[in-house]
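Okay, so here's the structure we're looking at.
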Amino acid sequence: MGDQVKQDPLELPSLITPGWIAEAQAVIEKSTWKGASALQEVLPKQTLISILQRTERLVFQEAALVEVNPSSPATSVVVVGDTHGQFHDACRLFEIAGTPSEDRMYIFNGDFVDRGAWGIETLVLFCLWKLAFPNKVFMLRGNHETVTCTMLYGFKGELEAKYGKSGWKNVFAACKKLFAVLPLSALIKKNTLVLHGGLFRKQPSRATGKNKRKVDECVVGNLEDLRKASKGGLDPDGIGASRLAADVQWSDPTKTPGFLENVARGIGMTFGPEITERFLRDNNLKLILRSHEGPDARDDREDMGNMLDGYTEDHVTPAGRLLTIFSAPDYPQFMADGVDRYKNKAAVAVLSGPDYDTPVMKQYEAALPRPKATPYYDLYINDSDEELEEVPSTASGMTDDKEPKSAPVGLFMSGKEAQEAATTPNAGKKNDFSESVEKPSETQHAEQQVDGDANNRVDLGPPSSTEEDAARAAEAEAEANGNGNATGSGGGDGSGRPKLPRPTGCQRYWTAGGTLRDVPVGAGRRRTKGARSQDDSLSGGGGFSAGSLPPYVDPALAAITMAAAAVTKPNGY
């Protein structure tokens, strides 16, 4: 009988306390058992937006590299990996590791949303802890805290289901603005670096006068580059000022030596143990903690750990170590029929003073059973970034409440339809890819030293940069006018992209982020063992090398060809 009593909507207090968060968590958790529409009854749209905006104001003041310096060696730091909308498991991790407090700091290392059914609930929970302990809780940006991923992997659809046509756009807009200003990384006591994906290149350097931009394509960056970096804007695509942010979000460690472009994902880098060792030594670090890969992503990487225990020790060098942490148990929540579940454990890393460079792993199982839910994304959607085109600005959630009008041909097609499209002349012309999304500029703030003492909080005040003010004002004006993101001009192919010479012996194609890739003929592409594609019959279930790819230039045609060939895909970003 008590379950039938209507719950009063949550009202956000001026001072958020741990006690209030516990009550809010219980109310939200109860609503998850009543269906998607029940959330707005207990968490009204304006309350939710207020939480997001207050969090945005806090993280806006934080640099791309947040420096975390606990005030006492007795203070522990808990590092959390991907949670991917698995709200009930996020609640479980607090039961295992404890909630944030005066002597327990937290770093949430990105990918809060997408794939799981309760991304907004998970995001809100983390935001509330950030608001309660602004200098003890830190939220870093993952590759799923971007417009393109949230459009394609469930978060947008989740918001539509939970806040309806009249409310989801405003909520999505507030989420996007929050995501765009999240820090990229955290440095703990100058010994441990936390970032979502991995190591990164130096930013392209600009030359003055008649010289063209100088690009250090494969030079490993350092901590100073992180301190000065852009946070990437709404959708880091690996171009220009967003290149470092995209690398941080998408890069992967490997056992193979070298620092190379991440051909398997089409964005970011791969780096071997010797690169990690040099980075650790050059920056006086002992430990790197990253996330980004779950058990599905490691399914075909026989040289890397399988992530079934929630963490792996990927690089062990004389200078220090690199570990991957994944905090979503029994992941992914939704899997195709007939596919065996991984039933993986999740883990968080607990660091203690005085050095904060020796993690203790706390593991936990999934909170089962979960409430009944259906996925908000297509389980068979292309999973490799190089096969997906960037979502056009008209589908940003500001101006369209339906499927993206300019989605790549083949993206929502069956294998047969894609195959027919690939053999039809000018099939790509039905979609307009003449716009290239221009990312808002990101003016960096001074290095922020964060002390664990709540009574000694750093208040940087409002940013004074006229450049950033202008950029934010332009973005707000564009959104108010229903234009979504601003569109760029220029370039030589009608897409706003520059014409660049193709190196000899290379095949050319555009990645999802709009980055031009020149891949040497014969370069191998990572193939996923047991790929979960319903269209494998088109290609005999096999992948192919980059050498067999046609020299893609038009992104729509690239999407058609990729879909028609049914390329086997690396799973789980």
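Placing a label point 7 Å from the Cα of SER166 along the Cα-to-Cβ line, the residues of segment 20-57 whose backbone N sits under 20 Å from it are 36-50. If you plug the beta carbon distance of ASP8 and PHE334 into 1/(1 + (r/R0)^6) with R0 = 41 Å, you get a FRET efficiency near 0.80.
Here the label points at GLU365 and ASN69, each 7 Å from Cα along the C-beta direction, are separated by 4.4 nm in the simple model. Tally Lys/Arg at +1 and Asp/Glu at -1 over every other residue whose Cβ is under 13 Å from the Cβ of GLU41; what's the total? In short, +4. Peptide packing for 284-291, 353-360 was compared via the average number of neighbouring C-beta atoms within 10 Å per residue; ordered from the highest value, the list is 284-291, 353-360. Provide the net charge surrounding TYR364, with neighbours chosen by a C-beta distance below 10 Å and charges set as Lys +1, Arg +1, Asp -1, Glu -1. Result for the neighbourhood of TYR364: 0. With 32 Å as the limit on Cα-Cα distance, the pairs of LYS45/LYS343; LYS190/LYS343; LYS45/LYS202; LYS136/LYS228; LYS136/LYS286 that go past it are LYS45/LYS343; LYS190/LYS343; LYS45/LYS202.
A 1.4 Å probe, protein heavy atoms only, puts the accessible area of ARG57 near 140 Å². Shown here for segment 233-304: GluC sites (Glu not before Pro) in loop regions (DSSP other than H, G, I, E, B) with at most 13 other Cβ atoms within 10 Å, namely GLU302. Sites listed here are trypsin sites (Lys or Arg not before Pro) in segment 1-43 whose DSSP assignment is loop and whose Cβ has at most 11 other Cβ atoms within 10 Å: LYS6. My understanding is that a pair violates if its Cα-Cα distance is over 19 Å; which of LYS30/LYS162; LYS6/LYS169; LYS6/LYS34; LYS130/LYS156 do that in this structure? Going by Cα-Cα distance, LYS6/LYS169; LYS130/LYS156 fall outside the 19 Å limit.
The distance linking segment 120-186 with segment 50-70 is 13 Å (Cα centroid to Cα centroid, whole angstrom).
Close amide H contacts of TYR106 (hydrogens built in the peptide plane, cut-off under 5 Å, sequence separation of 5 or more or a different chain): VAL78, VAL137, PHE138. With R₀ set to 56 Å, the beta-carbon distance separating GLU41 from SER352 gives a calculated FRET efficiency near 0.85. Any idea how far the Cα center of segment 311-346 sits from the one of segment 86-100, in Å? Cα centres, segment 311-346 to segment 86-100: 17 Å.
The values are calculated or read from the model by the stated rules, or taken from the named source; none is laboratory data. Since this is a predicted model, take the numbers as computed values, not measurements. Every residue, glycine among them, receives a Cβ derived from its backbone with ideal geometry; neighbour counts consider all protein chains shown. When the accessible area is computed, the model is the full protein with side chains, heavy atoms only, and any ligands, DNA or RNA have been set aside. Shrake-Rupley method; radii C 1.70, N 1.55, O 1.52, S 1.80 Å.
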